[in-house]
1. Could you work out how far apart the two model spin labels at ARG476 and GLN385 are, taking each label as a point 7 Å from the Cα in the direction of the beta carbon, and quote it in nm?
2. Could you give the dipole magnitude of the chain about its Cα centre, charging the beta-carbon of Lys and Arg +1 and that of Asp and Glu -1, in debye to the nearest 20?
3. Scan around CYS273 for amide H atoms under 5 Å from its own, H built in the peptide plane at 1.01 Å from N, and keep only partners 5 or more places away or cross-chain.
4. About its Cα centre, what dipole magnitude does segment 136-278 give when the only charges are +1 on Lys and Arg Cβ and -1 on Asp and Glu Cβ, stated in debye to the nearest 20?
5. Just grab the label-to-label distance for LEU117 and LEU496, each label 7 Å out from Cα along the Cβ direction, in nm (one decimal).
6. If a helix is a whole DSSP H run, which ones in the chain reach 15 Å or further along their own axis (Cα) and hold a mean Kyte-Doolittle hydropathy of at least 1.0?
7. Over 42 Å apart: what share of the alpha carbon pairs of the chain falls there, rounded to a whole percent?
8. Could you tell me which chymotrypsin sites (Phe, Trp or Tyr not before Pro) in segment 41-125 are loop residues by DSSP with no more than 15 other beta carbons within 10 angstrom of their beta carbon?
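Nothing in this text is a laboratory measurement; each read-out follows from the coordinates by a stated rule. Fair warning: this is a prediction, and the values are worked out from it, not measured in the lab. Heads up, the Cβs are rebuilt from the backbone with ideal geometry, glycines too, and the neighbour counts pull from every protein chain shown.
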Amino acid sequence: MKTDRNLQGASSSGSTAGPTPSEDSAGGRRIDLLRLLPPLKWFVSRRWFQFAVVFPTLLLFLLFLLAGIFGSPVGNRNIIVVFVWILWWFLLISVMVPFASRVWCTVCPFPFFGEWLQRRSLVAVRAIDPKQRTGEESESGVLIGRNRYFGLNRRWPKALSSIWLQNIGFLALCTFSALLLTRPIVSVMILGFLILLATVLHLIYRHRAFCSYVCPVSGFLSLYAMTSMMEIRSADTDVCAQCGDKGCLAGNDAGWGCAWGIYPSKLDRNNYCGLCMECVKSCPHDNMALNLRPFGSDTQLKGYDEAWKAFIMLALALAYSVIFLGPWGFLKDWANVTESKEVGGFLLYTVILWAGALVVIPGIFALAVWIGRRLAGPHEASAKQVFLGFAYPLVPLGLLVWVAFSLPLLLVNGSYILMVLSDPFGWGWNLFGTANVAWTPVVPQWVPYLQVPLLLVGLAYALKAGWDQATRLFGRQSQALKAFAPVAVVLTVTVLYFFKLYTG
């Protein structure tokens with residue numbers, strides 16, 4: 001299981017928190033929003049907070065499903081395609097993740113029904129003191145920590161306690177991206193299946209096993225949340241070290257134990273925190289902080305599963321850029337098999353995509369790492385340490401590449417948002433007077449001038465992050481430079497190729 005989940009004990013190194021900027025053990029300045037903005041703290045501390053933010057998205061989700069089933073079969077006239085795969089995706093990758101970490105998990109409707117059945121409560125907490133429970137209470141549900149849950153509540157298999165399932169699931173989902181963008185009923189099938197799967201897994205496994213290990217969206221959120229400018233952390237780990245309640249992990253009368261199995265005192269990365277805010281409610285010492293921080297503050301990948309997620313995301317961004325922005329129309333035909341009927345081409349496209357994401361790109365990167373280690377000469381860092389350390393620069397780079405790719409999707413297709421807002425089912429409605437707005441790309445001539453700076457910023461962050469990793473791993477600057485140079489070349493060539501695709 002991930003090293004920052006289901007942890008026991010507490011750290012003895014602490015940091016201060018407050019409305020003024022402060023330094024913490026991860027480096028960089030922090031500003032605690034909960035202390036700076038008392039109304040925000042009041043809001044997230046209410047027992048009804050998560051229900052209040054999830055329920056509206058659930059209603060929208062149900063509207064999208066109905067539109068996908070009963071609405072127009074034309075993708076750009078149906079709200080499920082336009083809102084989910086254009087507007088939501090752009091906001092997710094360009095706004096939510098960089099500025100608010102996994103805030104989408106805070107409002108995501110996928111686990112709603114499963115968690116409701118698991119807790120048998122939408123708002124209230126079911127808490128029992130294990131030392132005082134009666135036989136009757138113990139038979140009614142399962143006691144985990146101090147909270148009572150229902151269902152089987154089995155532990156997730158240790159062999160699957162990684163994001164490999166999410167990696168494969170996301171790659172499989174993206175293989176059929178052309179169908180998702182053109183066929184509303186396909187989006188209904190995928191999204192409906194995910195909410196059904198989440199519900200079933202909640203009834204079998206404890207806490208949010210679906211979100212932690214299965215959800216394909218959660219996988220790339222966990223990776224790119226490392227770059228986010230927001231984090232939730234223990235304000236002072238010394239307080240946690242002396243706390244005998246551990247309500248943030250075990251739960252209590254004020255809140256549920258962490259649904260992600262995280263002990264906040266040991267939390268040092270954003271990867272597996274879904275920002276449900278239960279720890280803010282359950283902490284008996286008011287010791288949780290919601291911090292603003294510098295971009296890219298989390299810098300350590302913990303396993304090959306996370307590294308391969310970075311490779312997969314880069315491969316998909318490259319593939320989509322070639323297919324949707326490149327001059328090769330036959331590749332688009334291969335990807336959109338239901339329109340072109342080129343089954344052989346689609347199978348070839350699938351093989352190339354999967355081989356590139358899982359073998360070719362990781363192989364090129366591994367070769368660069370190997371060359372760098374040989375050039376550096378004798379050193380104490382292990383091959384795994386160097387590989388994971390040099391894979392981290394793909395996180396900020398990958399995020400900025402995806403922002404650069406997603407921006408024209410919104411600018412070129414944004415007028416469809418106004419259309420379907422007035423006519424979500426494509427039935428001829430005109431609720432807000434915008435149903436007949438003509439398709440009007442917004443400043444298409446500016447797109448390359450917006451994409452290039454984004455790519456340059458991504459490359460700058462990647463090179464800086466890689467150099468920091470090299471000096472950490474190799475110590476001496478001469479060794480660090482030799483070790484990182486081949487990887488730096490790969491990163492630079494990658495960005496130059498995106499330049500060519502985006503600027504022609």
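1. 1.6 nm
2. Working: 41 positive and 26 negative charges, 121 e Å.
Result for the chain is approximately 580 debye, rounded to the nearest 20.
3. Residues meeting the amide H criterion: none.
4. Numbers: 12 positive and 10 negative charges, 114 e Å.
That gives a dipole near 540 debye.
5. 5.5 nm
6. Working: long enough: 49-70 (33 Å, 2.44); 164-175 (17 Å, 1.17); 184-204 (30 Å, 2.53); 304-320 (24 Å, 0.89); 343-355 (18 Å, 1.94); 361-376 (23 Å, 1.32); 394-422 (40 Å, 2.00); 447-474 (40 Å, 0.79); 477-503 (36 Å, 1.11).
Counting only whole DSSP H runs, the qualifying helices are 49-70, 164-175, 184-204, 343-355, 361-376, 394-422, 477-503.
7. Details: 26120 of 126756 pairs.
Of all Cα-Cα distances in the chain, 21 percent exceed 42 Å.
8. Working: sites: TRP42, PHE43, TRP48, PHE49, PHE51, PHE61, PHE64, PHE70, PHE83, TRP85, TRP88, TRP89, PHE90, PHE99, TRP104, PHE112, PHE113, TRP116; in loops: TRP48.
In loop regions of segment 41-125 (DSSP not H, G, I, E or B), the sparsely surrounded chymotrypsin sites (Phe, Trp or Tyr not before Pro) are TRP48.
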